[in-house]
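Right, one structure below, let's go through it.
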Amino acid sequence: MGNTCVGPSAAGRNGFLANVTLWRPRGDDPTPAPALPPPSSPASDKAPDPVTIPESKPSSHHSSRSTDLPPAPASQPQAQAQDNTPAKQPAPKVKRVQSAGLLADSVLKRDVNTARLKDLYTIGKKLGQGQFGTTYLCVEKATGREFACKSIAKRKLITEEDVEDVRREIQIMHHLAGHANVVSIVGAYEDAVAVQLVMELCAGGELFDRIIKRGHYSEKAAAQLARVIVGVVESCHSLGVMHRDLKPENFLFVNQKEDSPLMTIDFGLSIFFKPGEMFTDVVGSPYYVAPEVLLKYYGREVDVWSAGVIIYILLSGVPPFWDGRK
């Protein structure tokens, strides 16, 4: 959606601006334009009667001609000078650094893999798009196994906090490694343009899409999924991790089967916490964020709220809260 929206609008604006600039050099043509009406019949009849009588007495007829002659050539070089100045401006080409805005040369620091991603994997089709990263299908060249590669553009890491969020996401995924319902990370890579996270591939689609397709789940089927979701929350909290962005879009099925395992993904907003520690930054997604987050004083309980909203949607097919305002 982003590409289709940006592409045509940018092209349309550039085309329109190009047409506007073409009218600017023609704006100097009205100065020689007054010389054109005298040859026409109505202008020539009126011009000699009033002009020659008063101007012949003070003998300013020569001065009027002299003033008429120089402005025409003077206006032409000015117009040419104006035409030359914009022509020189587009000539130089500015090279943009793709990693502009990055505050750190290395995001992964000493954890960076010395090997390059393209040497080990073949990048395939696009699987998804997020605020900071794009997920692609990648195939390991040595084994032919398929994985998911999340590419985070460095140009979007503007602040030190953005860089630290990427580092923390990788740390949390390693910290939760081994959980049956948490997507596993295979490796992290970095180049001059982006940071790439290679993860376990979940080809069964989002929980959100299955809810839309089915309308809602039965109590028995919803109970099975709720057991998984609540179990993930309990495991994360026992390991000192708060997810802070639980929603159906962040739960993926491993395959297309009805009884496919459910995996938790996207720990970009997750954070480590200590017992009793409270937080004030507002994060999360509409419909699933707890009121305490909006009040800027919350703890790990906000994950329980989000899990409850998901279970409600599983049973009813609609969110428990609805408002046209954000």
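Summary table
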{"read-out": "Separation in nanometres of the label points that stand 7 Å from Cα toward Cβ, at Tyr312 and Leu295", "value": "1.7 nm"}
{"read-out": "Calculated log₁₀ intensity ratio I(q)/I(0) where the Debye formula runs over C-alpha points of segment 205-316, q = 0.11, 0.14, 0.22 Å⁻¹", "value": "-0.34, -0.55, -1.23"}
{"read-out": "Amide H within-cut-off set for Tyr298, under 5 Å, with H built and near neighbours excluded", "value": "Phe279"}
{"read-out": "Residues Ser106, Ser151, sorted so that the one with the fewest Cβ neighbours within 10 Å comes first", "value": "Ser106, Ser151"}
{"read-out": "Label-point separation, Glu200 to Lys126 (7 Å along Cα→Cβ), nm", "value": "2.7 nm"}
{"read-out": "Extension gain (nm, one decimal) between Val186 and Arg145, 0.36 nm per residue minus Cα-Cα", "value": "13.6 nm"}
{"read-out": "Dipole of segment 100-200, positive direction: furthest Cα of Leu157, Thr135, Ala177, with charges on the beta-carbon", "value": "Thr135"}
{"read-out": "Entries of Lys126/Lys296; Lys118/Lys154; Lys220/Lys274; Lys125/Lys156 with Cα pairs more than 28 Å apart", "value": "Lys126/Lys296; Lys220/Lys274"}
{"read-out": "Phi to ³J(HN,Hα) by Karplus 6.51 cos²θ - 1.76 cosθ + 1.60 over segment 197-211, Hz, x for Gly, Pro", "value": "10, 8, 10, 4, 8, 10, 8, x, x, 7, 4, 4, 5, 6, 5"}
{"read-out": "Contact order normalised by residue count of segment 100-200, Cα under 8 Å, 6+ apart, percent", "value": "31 percent"}
{"read-out": "Segment 287-292 - phi-based ³J(HN,Hα) in whole Hz, Karplus 6.51/-1.76/1.60, Gly and Pro as x", "value": "6, 10, 6, 7, x, 4"}
{"read-out": "Where labels lie 7 Å past Cα in the beta-carbon direction, separation of His179 and Lys257 in nm", "value": "2.3 nm"}
{"read-out": "Residues Phe147, Phe272, Phe251 arranged by fewest to most Cβ contacts within 10 Å", "value": "Phe272, Phe147, Phe251"}
{"read-out": "5 angstrom amide H check on Ser184, placed H, neighbours 5+ away", "value": "Glu200"}
{"read-out": "For segment 223-234, 3J(HN,Hα) per residue [Karplus equation, 6.51 cos²θ - 1.76 cosθ + 1.60, θ = phi - 60°, Hz, x = Gly/Pro]", "value": "5, 5, 5, 5, 4, 5, 4, 5, x, 5, 4, 5"}
{"read-out": "FRET efficiency, Ile158 to Glu277 (Cβ-Cβ, R0 22 Å, nearest 0.05)", "value": "0.25"}
{"read-out": "Förster radius 41 Å - calculated FRET efficiency between Tyr287 and Leu108 (Cβ-Cβ, nearest 0.05)", "value": "0.75"}
{"read-out": "For segment 215-269: rounded, prolate or oblate by the Cα gyration tensor [a/c cutoff 1.5]", "value": "prolate"}
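Here, each number is a calculation from the coordinates, and none is a lab measurement. For clarity, every value in this text was computed on a predicted model and none was experimentally measured. Positions of Cβ are backbone-derived with ideal geometry, glycine not excepted, and every protein chain shown enters the neighbour counts.
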